[in-house]
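Student: Below are the structure tokens for one structure; questions will follow.
The values are calculated or read from the model by the stated rules, or taken from the named source; none is laboratory data. Quick caveat: nothing in here was measured; it's all calculated off a predicted structure. So basically every Cβ, Gly included, is an ideal-geometry build from the backbone, and we count neighbours across all protein chains shown. For the accessible areas, the whole protein counts, side chains as well, though only heavy atoms, and no ligand, DNA or RNA atoms are used. Shrake-Rupley method; radii C 1.70, N 1.55, O 1.52, S 1.80 Å.
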Amino acid sequence: MDANVSGGDSSDVDWTSSDEESETHLEAGTSPQPTRTETIVGNEEASSSNATRSKLIGQFVGMGFSEKLVLKAIDENGEEDPDSILNWILTFSTLEESPPQQLSTNSDPCSSDYNEIFPYDLSDMDSWSEDEAEVCEADCLKDNGDYKSEKHKMLLSLAESGSLSEKETKLLALANMGYALEDAEIALERSGPETSVDGLIEFICVAQMAREQDCYLPEDGLKARHILNGSSKSKKRKLSEMKKKVMEESIQLPNPMIGYGVPSMQPPERVHRSLPEESRGPPYFYYENVALTPKGVWQTISRFLYDIEPEFVDSKFFSACARKRGYIHNLPIENRFPLIPLPPLTIQQAFPLSKRWWPTWDPRDKLNCIQTAIASAKLTERIRTVLERHEGDDDPPEAVQRYVMEQCRKWNLVWVGRNKAAPLEPDEVEMLLGFPKNHTRGGGISRTDRYKSLGNSFQVDTVAYHLSVLKDMYPQGINMLSLFSGIGGAEVALHRLGIKLNNVVSIEKSKANRDIVRSWWEQTNQTGSLIDFDDVQLFDAPRAEQIISSIGGFDLVVGGSPCNNLAGSNRVSRDGLEGKESSLFYDYFRILDLIKCIMGSNRAV
């Protein structure tokens, strides 16, 4: 709808009487001359309309919004519902004040798994109730240096000149929320020009949900269009059915995701598992990757790792942040024990000082999966500005609460002052993931790289719980082969368990991460040997035989191959285990099988 900035447009005045309305013989293009009485009545109606309009304009302009946007919002939503006007303005103004948040081109999307949770989330983040997840937000941010495409810039330019069409207005709204313009255009084309912005978001989310599991909407998305054309209750039911179908086609994850048990909860029945003969240790092995992957990935991983069933565990049972992961291992599952002291399990326990500033309308007690990137200062300033506009209210309007909560969940923001939300500091992330304070400072890397390294790491308390069975088995210490070592999550877990590290062979591509592990090794006064390599693909039989003959074999092989092509926000190459990065899983299996063969041959001799 085009903006109508004039409050006294003639269409607002009834120029005809009821008698004249019944007459149909007036010449086309002519209109009856109003009487003086009718003119007065018409002017009074127009005056009343102008007064209401002026009051609304004054109210929202006084809140800091531009008059142009306020006028546009009133024309789009009418003058009867101020909440709808505010919601519209927040979409087209608040979100437009700064660029959409982007991951850097170096960010590994799987570690954040990341983005905003939509109602039917399939990403690796903690979930919440349907009531809390009313709005779908973008998980299709584009990984390029320039956050605005040329078309996005063009739309912004048209918006400044006030010449946007209704279609372009909707496209700009979606682009400013972070959605890819390509997805927005497809949604608009298939859903129809009359579909609202909320309806388009629903369409995009359904399509993204389908892509997450390598399935596609039937008939080129016609089913999604049919869903959007139904009633609100019908839409929820049909979207729920579609979600169920998608989940049925993927591996079924347990609920709750506690694997063979966590310290606070055990499975309802005693678990008995029988491992294939060829999989039994030593050496023991432990493999980790994201739980939610494209269809068939975990089945393939299990098939290569001796058909052992994955153990799916969410680290929210061990810490104040969620981290849904799958583990395949041949370790015993009895007599596990947690690290002591127990870590904080809620946000409030982890950050007690934040309680003073925590709004009553923020229900979070867990953080989502730790990301490799953080929110910008512009975003946190925008949140503060929006909330300060409603300082005197009991609570900010529902639309404002919804917007702020979306950003807090998306970026794991915590409250550090009045109306002030802030991202986690690196040492706070280290604490949540179970690492010692300043662990990642040891590599002499930048703050940005610290976030990236932490986002790609193990959650130490979770891994330590699984590895704890080794303490009684190896009282004199162990020899470990650590593949894709990262910042040494497994090494830290074993050290915190009190298991001596006699010899550790670490293979990690990132020099910064290798430096972090080396620094930690020296700072904790390890007495064993740390040998590091930089490429799993170059670790061959001669090298493995040389090391085994030198140290006497490995007791544990541990690692988690890259998940770049498996999960989260990655839209560039969702190729599963055949992707360039995630195909390195096969090197994990190759090296594990190589070690088992060499050690088996040595025992036979």
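Student: State yes or no: is Ile308 within 17 Å of Glu581 (Cβ to Cβ), at pLDDT 90 or above, open to solvent by less than 10 Å² (accessible area, probe 1.4 Å) and outside any strand (DSSP E or B)? Show your work before the answer.
Tutor: Numbers: within 17 Å of Glu581 (Cβ to Cβ): no; at pLDDT 90 or above: yes; open to solvent by less than 10 Å² (accessible area, probe 1.4 Å): yes; outside any strand (DSSP E or B): yes.
For Ile308, the condition - within 17 Å of Glu581 (Cβ to Cβ), at pLDDT 90 or above, open to solvent by less than 10 Å² (accessible area, probe 1.4 Å) and outside any strand (DSSP E or B) - is not met.
Student: Is it true that Ile383 is of a type in the set (Val, Ile, Thr) and modelled with pLDDT under 90?
Tutor: Answer is no for this residue.
Student: Here is a further query. Can you tell me how many residues within segment 528-554 are under 27 Å from Arg323 (Cα atoms) and at pLDDT 95 or above? Show your work before the answer.
Tutor: Let us first name the residues in segment 528-554 that are under 27 Å from Arg323 (Cα atoms), namely 534-536.
Right, trim to at pLDDT 95 or above and you get none.
Selection size over segment 528-554: 0.
Student: Only residues that are among the small types (Gly, Ala, Ser) and within 25 Å of Thr385 (Cβ to Cβ): list them for segment 417-451, please. Break it down stepwise before answering.
Tutor: Filtering segment 417-451 for residues among the small types (Gly, Ala, Ser) gives 417, 421-422, 434, 442-444, 446.
If the condition is that a residue be among the small types (Gly, Ala, Ser) and within 25 Å of Thr385 (Cβ to Cβ), then Gly417, Ala421, Ala422 are the ones that fit.
Student: Any chance segment 274-293 includes a residue that's assigned to a strand (DSSP E or B), open to solvent by 10 Å² or more (accessible area, probe 1.4 Å) and over 15 Å from Pro562 (Cα atoms)? Spell out the reasoning first.
Tutor: Looking only at segment 274-293, we keep the residues that are assigned to a strand (DSSP E or B), and these are 284-290.
Restricting the remaining residues to those that are open to solvent by 10 Å² or more (accessible area, probe 1.4 Å) gives 284, 288.
When the remaining residues are screened for being over 15 Å from Pro562 (Cα atoms), the result is 284.
Yes, there is a match, as at least one residue in segment 274-293 is assigned to a strand (DSSP E or B), open to solvent by 10 Å² or more (accessible area, probe 1.4 Å) and over 15 Å from Pro562 (Cα atoms).
Student: Ok, one more. Residue by residue through segment 474-512, note down the ones that are open to solvent by 10 Å² or more (accessible area, probe 1.4 Å), assigned to a helix (DSSP H, G or I) and either under 23 Å from Ile548 (Cβ atoms) or modelled with pLDDT of 95 or more (or both).
Tutor: His495, Arg496
Student: When the residues of segment 572-603 are filtered to those that are open to solvent by 40 Å² or more (accessible area, probe 1.4 Å), among the basic types (Lys, Arg) and assigned to a helix (DSSP H, G or I), which remaining residue is modelled with the highest pLDDT?
Tutor: Initially, segment 572-603 is screened for residues open to solvent by 40 Å² or more (accessible area, probe 1.4 Å), giving 572, 574-575, 578, 580-581, 586, 589-590, 593, 597, 601-603.
Subsequent filtering for residues that are among the basic types (Lys, Arg) retains 574, 580, 590, 603.
With assigned to a helix (DSSP H, G or I) added as a condition, the list becomes 590, 603.
Working: Arg590: 94, Arg603: 79.
Restricting to residues being open to solvent by 40 Å² or more (accessible area, probe 1.4 Å), among the basic types (Lys, Arg) and assigned to a helix (DSSP H, G or I), the top hit is Arg590.
Student: Right, another one. Does Phe351 satisfy the criteria of being at pLDDT 95 or above and within 27 Å of Tyr474 (Cα to Cα)? It would help to see each step written out before you state the result.
Tutor: Values: at pLDDT 95 or above: yes; within 27 Å of Tyr474 (Cα to Cα): no.
So Phe351 fails the test.
Student: Please go through segment 413-446 and give me each residue that is within 23 Å of Ala464 (Cβ to Cβ) and within 18 Å of the chain's Cα centre (by Cα), ordered by number.
Tutor: Kept after step one, since they are within 23 Å of Ala464 (Cβ to Cβ), are these residues of segment 413-446: 424, 426-443.
Once the filter is applied, which keeps residues that are within 23 Å of Ala464 (Cβ to Cβ) and within 18 Å of the chain's Cα centre (by Cα), segment 413-446 yields Leu424, Val429, Leu432, Leu433.
Student: Here is a further query. Which one is nearest to Cys563 (Cα to Cα) among residues in segment 513-531 that are open to solvent by 10 Å² or more (accessible area, probe 1.4 Å) and within 33 Å of the chain's Cα centre (by Cα)?
Tutor: Initial filter on segment 513-531 (open to solvent by 10 Å² or more (accessible area, probe 1.4 Å)): 513-515, 518-531.
From what is left, the residues that are within 33 Å of the chain's Cα centre (by Cα) are 513-515, 518-521.
Details: Asn513: 17, Arg514: 19, Asp515: 22, Arg518: 24, Ser519: 26, Trp520: 25, Trp521: 27 Å.
Applying the filter and picking the extreme gives Asn513.
Student: Under the condition of being of a type in the set (S, T, N, Q) and at pLDDT below 80, which residue from segment 145-194 is nearest to Glu67 (Cα to Cα)? First the steps, then the outcome.
Tutor: Of the residues in segment 145-194, the ones of a type in the set (S, T, N, Q) are 149, 157, 161, 163, 165, 169, 176, 191.
Now drop any that are not at pLDDT below 80, which leaves 149, 157, 161, 163, 176, 191.
Details: Ser149: 28, Ser157: 18, Ser161: 14, Ser163: 16, Asn176: 20, Ser191: 31 Å.
Among those residues, the one meeting the criterion is Ser161.
Student: When you go through Thr462, Thr440, Thr360 one by one, which is the residue that is of a type in the set (S, T, N, Q) and surrounded by fewer than 19 Cβ atoms within 10 Å (Cβ to Cβ)? Step through it out loud before you land on a result.
Tutor: Details: Thr462 fails: surrounded by fewer than 19 Cβ atoms within 10 Å (Cβ to Cβ); Thr440 fails: surrounded by fewer than 19 Cβ atoms within 10 Å (Cβ to Cβ).
When all the criteria are applied, what remains is Thr360.
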